[in-house]
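S.K.: A single structure is presented below for examination.
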Amino acid sequence: MPLAVDPKDPDEVLDYVIDWTARLGADTIVTSVWAIEDGTSVIDSNTFNGTSATVWLSGGALGEKVLARNRVVTTGGRTMDQTISIKIKAK
């Protein structure tokens, strides 16, 4: 189920963070890949550390809902996905 996050205006460039701490336990993130599954927002950049992943998004069309998926791989060999849902609206 996608996590709902704060909306963004089409003209904004905003960062969104997934904190994986609760699901990781003692494990840590070794790779993180973001993908737009639905919508017209653009991934400008992304970063991660041992417990969280951040994506910077721009664009989007008024009224749409953007779905952005983060897939991480851990030192323990786990592959986990989490999708965020971002409403695009004028501010």
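S.K.: How much accessible surface does T74 have with a 1.4 Å probe, in Å² rounded to 10?
M.R.: Surface accessible to solvent at T74 totals approximately 10 Å².
S.K.: Considering amide H positions built from the backbone, and no H for Pro or chain starts, which residues 5 or more places from E12, or on another chain, come under 5 Å of its amide H?
M.R.: Here G59 satisfy the definition.
S.K.: Follow-up. Given axes a ≥ b ≥ c from the Cα gyration tensor, I'd like to know whether the stretch 1-40 is rounded (a/c under 1.5), prolate (a/b larger than b/c) or oblate. Present the calculation step by step, with values, prior to reporting the outcome.
M.R.: Numbers: a/c = 2.31, a/b = 2.08, b/c = 1.11.
Taking the square roots of the gyration eigenvalues as a ≥ b ≥ c, the stretch 1-40 is prolate.
S.K.: Here's a follow-up. Return one quarter of the surface area of the convex hull spanned by the alpha-carbon atoms of the stretch 5-91, equal to its mean projected area, in nm². Provide the component values of the computation, followed by the final result.
M.R.: On the way: hull surface 20.0 nm².
The directionally averaged projection comes out at 5.0 nm².
S.K.: From largest accessible area down, sort D15, D27; use a 1.4 Å probe on the protein chains. Before the final figure, lay out each step's value.
M.R.: Details: D15 75, D27 20 Å².
The residues order as D15, D27, largest area first.
The values are calculated or read from the model by the stated rules, or taken from the named source; none is laboratory data. Bear in mind that the values here come from a model prediction, so they are computed numbers and not experimental data. Note: accessible area is taken over every heavy atom of the protein model, side chains too, but ligands, DNA and RNA are not part of it. Shrake-Rupley method; radii C 1.70, N 1.55, O 1.52, S 1.80 Å.
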